[in-house]
Amino acid sequence: MKYALLVYSDQSDWDGISEEQAAERRAESMPRWITLFEEMGKADPDAGGRELVAAAEAKVVRVVDGETVITDGPFAETKEQIGGLFLTTLPDLDEAIRIASLVPAAEYGSMEVRPIVER
Amino acid sequence: MTLSLEATFREEWPRAVGILTRVLGDLSLAEDAVQDAFATALERWPRDGVPRSPGAWIVATARNGAIDRLRREKTFARKAELLARLEGVPADEDADVSSIPDERLALLFTCCHPALAVDARIALTLREVAGLQTPEIARAFLVTEPALAQRLVRAKRRLRETGIPFRVPPDHLLPDRVPDVLRVLYLVFNEGYAATAGESLLRRDLCAEAIRLAKLVCVLMPDEPEAFGLLALLLLQDARREARVGDDGELVLLGDQDRRLWDGASIDEGLRVLRRAESLRRPGPYQLQAAIAAGHAEGAAPHVIAATYAALEQIDPSPIVRLNRAVAVALAGDVEEGLALIEGIEGLDGYSYLPAARADLLRRLDRNAEAAASYREALALTDNAPERRFLERRLRGVGG
């Protein structure tokens, strides 16, 4: 089964902190990221992931009555925004949930496990 | 359908669906094949007699039917692979079905997977593991047949589309998954147990089905003490069924029940099963609840029951358990302490038993005005007719 593991977190936590503080935070979660990549690599050597630029930088595009309307992001007014995603091929949902739980954001944000439709 | 044929169907359904799901990797495909085999059985068995090995006959017929069906499929992507796997299933109608690996436990864990909604787990478990027909389940849960059929279709689609595995979970997941399975069985039992005298027998049959499923789980997981704990609890509760409702349809509280109406054989079996659970020396919430039920059945001293509730609260500090413990403490003689415990409970807003229990303790302390207020609070929270009559009688008793 193919799964998208969507990473959600409150990006405003990163607003207004210094470069040093940001670097410190990243360093803190580094061991967990290493564990994640080891486990994901074992489970699916072809797994891929991407981090997204902050949702505040997003453009929201809609076509209304044939006219393109562009507004600034984020799309939804929720606190947690999608910050990245992984695409993986895993044996089953239990394994997808296990891998998702290893993503550091599962602790300070949340992970969404979405099976990908295969036709 | 005659009773024995129906019993055979219920017994053989999960076995056959389990075996075919393992081979086909898809519960819906397996169910279709087994359903066809049962239709053929219904046609032939009354005429030709029940085969020597009904289980093997069903599996062989389902296998052959699935092969025919697949061959007719033109576009099915995995056709060749599935045909090859089906060829590996025994085609001998007289074979001993026990020679094929038993997949019923995998079926049960799959039907009770936490990624399914709770009512979907219940419906799926009754359909696939208990082998009940869709109309029977719909009637028992007081929903329409199309609604229940839809619930089952959605659940099976979710199994397939989200990749819920068909297996007994590996050891590291079992501590999480076993309680999920037991919970589904307990919910099935409670659905039947809550049914009052006037309601259909089908609802009450749910208790028997839950007990049958719990026995199956005990057979399949003989080292799981909580499975035995649950079975003991169900047997002990079921034993009191006839005594719970009076001739006038009123609820009869445990202390006021006519013990002659208790089912002695069921109590004995419950006590035996509980001893088996306790011999495994890993206590858990179902074992402790069964121990409390056993205490009531054997007339244990109230302080012993209160102590068992305290042990239960240690591992399951849920508000319901805390409420029950508070009542047990009061029954053991310390009404003030029981009342204090009730006042400390949070998270039971809207639950009529909380003000009802508080009212009862206030009444015992002769605080009648406060008791009346609590009875009124409880009345505002319940539509259940026998419960309302009970509360109204008590309310009049305290001059409210």
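The values are calculated or read from the model by the stated rules, or taken from the named source; none is laboratory data. Keep in mind it's a predicted model, so treat the numbers as computed, not measured. In this analysis, Cβ positions are derived from the backbone assuming ideal geometry, glycine residues included, and neighbour counts consider all displayed protein chains.
Quick look at the values:
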| quantity | calculated |
| --- | --- |
| Helices (runs of 4 or more DSSP H) (entirely within the stretch B:97-214) containing at least 3 residues that are touching a Cys at 6+ places or on another chain (Cβ under 9 Å), more than 20 Å from residue B:13 (Cβ to Cβ) and touching a residue at least 40 places away in the same chain (Cβ under 8 Å) | B:174-193 |
| Residues located in the stretch B:168-179, provided they are under 21 Å from residue A:90 (Cβ atoms) and more than 8 Å from chain A (Cβ to nearest Cβ) | B:168, B:170, B:171, B:172, B:174, B:176, B:177 |
| Single residue of B:50, B:17, B:34 found to be crowded, with 22+ Cβ neighbours inside 10 Å and farther than 23 Å from residue B:219 by Cα | B:34 |
| Filtered residue count, the stretch A:8-59, keeping only those that are away from chain B (no Cβ under 14 Å), touching a Pro at 6+ places or on another chain (Cβ under 9 Å) and within 17 Å of residue A:88 (Cα to Cα) | 2 |
| Qualifying positions in the stretch A:50-100 - closer than 23 Å to residue B:170 by Cβ and exposed (fewer than 14 other Cβ atoms within 10 Å of the Cβ) | A:91 |
| Residue tally, condition more than 11 Å from residue A:5 (Cα to Cα), more than 9 Å from chain B (Cβ to nearest Cβ) and either at pLDDT 95 or above or surrounded by fewer than 19 Cβ atoms within 10 Å (Cβ to Cβ) (or both), over the stretch A:107-119 | 4 |
| Candidate set from the stretch A:69-106 (those that are within 14 Å of another protein chain (Cβ to nearest Cβ) and among the charged types (D, E, K, R)); member that is farthest from residue B:168 (Cα to Cα) | A:98 |
| Sole residue being surrounded by fewer than 21 Cβ atoms within 10 Å (Cβ to Cβ), aromatic (Phe, Trp, Tyr) and either in a helix (DSSP H, G or I) or on the phi < 0 side of the Ramachandran plot (or both), chosen from B:351, B:309, B:375 | B:351 |
